[in-house]
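Inspection log for the structure reproduced underneath, given as structure tokens.
The values are calculated or read from the model by the stated rules, or taken from the named source; none is laboratory data. Everything quoted here is computed from the prediction, not taken from an experiment. Cβ atoms come from the backbone with ideal geometry, glycine included; neighbour counts cover every protein chain shown. Note: areas computed on protein heavy atoms with side chains; ligands, DNA, RNA excluded. Shrake-Rupley method; radii C 1.70, N 1.55, O 1.52, S 1.80 Å.
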Amino acid sequence: MKRLCLLGATGSIGRNSLDIVKRFPDAFHIQYLSAHRNVKRLFELAQQFRPRAVAYSGRNVADEWHETFRRIGVELLVGREALETIAAQPDYDMLVNAVVGAAGLRPTLAAIRHGKPVALANKETLVCAGELVTRLASEHGSQIVPIDSEHSALWQCLVGEHRETIERLILTASGGPFRELAAADFRHVTVEQALRHPNWSMGRKITIDSATLMNKGLEVIEAYWLFGVDVDRISVLIHPQSIIHSMVEFIDGSIKAQLGLPDMRVPIQYALSYPDRLANDLPRMDFKKYSQLTFFEPDLQKFRALKLAFDALRAAGTAPAVLNAANEEAVHAFLTHRIRFDQIPTLVEEALQQHERSHVADLETVLAADQWARTFVRQRVESGKSGREK
Ligand code: NAD
Ligand code: MG
């Protein structure tokens, strides 16, 4: 029985993780849970899964809630630090980080410091502090298992292989809803259009990231830290059907791919059961329904966010943390109708240009760069100078 600490239980990955837990009651138990905004939903989950304690990281709650949770034998912890508190408990076996954004970093570090394996959906953790996270993980013997479908695919392709034999990692991308939209029309994209992803149903932030292709950029950085492969050996391939989840090309020219229907429960289950596989009855792929799998080169001029992510990874130091934080703020500004869609990469680019890059010495360096980028973007948005006019 694996006891899990699930952060971000109310989100898209969180709900899919709970679906897997329900399918395997003898294999997994929810020991700790967190949610950010919806305390009622958190209570319902606590009733259903009976964890030891839950963390509510968002707004404050009325005092009565503590008593309400206590009545069902569950301790309620409130505040941002509550995530770290549950992640640092000794009596669980794996952290499942399904929080969105850089807020996932501190609890990941807390789990790593206690030597816990981490099933990581929260890619922002590795984008903003990949160096720190991977160094600490190896020091504390804590394994990071990816949940992101592309990285799970690469992980699965690499079982039994030696890292030195990797020629190239090929990350596939659906291309999002605007793959065929003319660059000139990007300025007219509405929030509603950007939230309509062709293949995946996900949280709002990652759905916007998928429309700008920043998501793929973040995934390139995530792959760099997870697999220790040089940036020049990581490539992106547009594959609109989202059936091949990623591929590894080896030094002998052989290529391994991992395929399946786009269903996040498959990579989530694999991360939870790794290195084992468990039999399930999730929908199976019928190849006859996919008689054509197609591939294209990504258009880096149209999707500037992807190029910016490659640039930030090459620049190294605090640049990826700035890329990530500026993007989080810009996406939030777009979702709240304060900037246009095409201004998202412009703001990120300006933040990267204005930032004085430094070496990542410690967590404080990362947090300072993150904070600097957020303030920079917020000021640009508030002053109406959110990106050059084109
Ligand atoms: P979501 O918005 O649906 O859920 C996010 C969860 O995090 C919610 O439970 C929310 O309450 C919590 N949360 C939000 N802000 C928080 C904060 N500041 N502090 C603590 N908790 C907070 O997002 P999602 O789609 O489930 O994505 C979660 C993570 O997984 C992201 O990093 C995303 O990039 C990654 N991911 C998601 C998918 C997917 O299919 N949804 C696929 C691959 C990777
Ligand atoms: Mg992905």
Where only protein heavy atoms count, and the probe is 1.4 Å, what is the accessible area per residue for region 143-293 in Å²? 45 Å²
Summing -39500 (n - 2.57) over the DSSP H runs of n ≥ 4 in the chain and dividing by its residue number, what mean residue ellipticity at 222 nm do you reach, to the nearest 500 deg cm²/dmol? -13500 deg cm²/dmol
Between ASN38, ASN215, ASN16, which gets the highest mean-square fluctuation from a Gaussian network model of the chain, Cα cutoff 10 Å? ASN38
Residues whose modelled amide H sits under 5 Å from the amide H of GLU75, counting only those 5 or more places away in sequence or on another chain, are ALA53, VAL54
Per residue of region 235-252, what does 6.51 cos²θ - 1.76 cosθ + 1.60 with θ = phi - 60° give for ³J(HN,Hα)? Whole Hz please, x for Gly and Pro, Karplus curve as stated. 10, 10, 10, 6, 9, x, 7, 6, 9, 7, 8, 2, 9, 10, 9, 9, 5, 8
If one builds a Gaussian network model of the chain from Cα atoms under 10 Å apart, the most fluctuating residue listed among ILE255, ILE206, ILE112 is ILE255
LEU136 paired with HIS337, simple spin-label distance in nm, labels 7 Å along Cα-to-beta-carbon: 4.0 nm
Cα-projected label distance for GLU382 with ASP26, points at 7 Å along beta-carbon direction, nm: 5.8 nm
On a 24 Å Cα-Cα criterion, which of the cross-link pairs LYS205/LYS302; LYS2/LYS22; LYS22/LYS116; LYS116/LYS307 come out too long? LYS116/LYS307
Only Cα pairs within less than 10 Å get springs; with that Gaussian network setup on the chain, which residue of ILE208, ILE72, ILE243 has the largest fluctuation? ILE72
Got a number for carbon plus sulfur as a percent of region 316-390's accessible area, 1.4 Å probe? 47 percent
Treating the beta-carbon of each Lys and Arg as +1 and of each Asp and Glu as -1, no other charges, what is the dipole magnitude of region 316-390 about its Cα centre, to the nearest 20 debye? 340 debye
How many angstrom lie between the Cα centre of region 213-260 and the Cα centre of region 174-194? 23 Å
With the 1.4 Å probe rolled over protein heavy atoms, region 316-390 has an accessible area per residue in Å² of 46 Å²
Global size of the chain as Cα Rg and Dmax, reported in angstrom: 20.4, 64
What does the charge add up to near ALA325, with Lys and Arg as +1, Asp and Glu as -1, over the other residues with Cβ less than 10 Å from its Cβ? -3
Amide H partners (placed H, <5 Å) of GLU167, local residues excluded: GLU249, PHE250, ILE251
Using a 1.4 Å probe on the protein chains only, how many percent of the accessible area of region 2-146 belongs to carbon and sulfur? 46 percent
Kyte-Doolittle mean at least 0.0 and Cα axial length at least 30 Å: DSSP H helices in the chain: none
Under Stokes-Einstein, with the Kirkwood radius over Cα pairs standing in for Rh, what whole-number D in µm²/s applies to region 2-146 at 10 °C and 1.306 mPa s? 106 µm²/s
Normalised by the number of residues in region 2-146, what is the relative contact order in percent for Cα pairs under 8 Å and 6+ residues apart? 21 percent
Counting only protein heavy atoms and using a 1.4 Å probe, what share of the accessible area of region 164-238 belongs to carbon plus sulfur, as a whole percent? 47 percent
In whole angstrom, how far apart do the alpha carbon centroids of region 327-390 and region 63-91 sit? 33 Å
Need one value: the accessible area of ARG70 in square angstrom, 1.4 angstrom probe, rounded to the nearest 10. 150 Å²
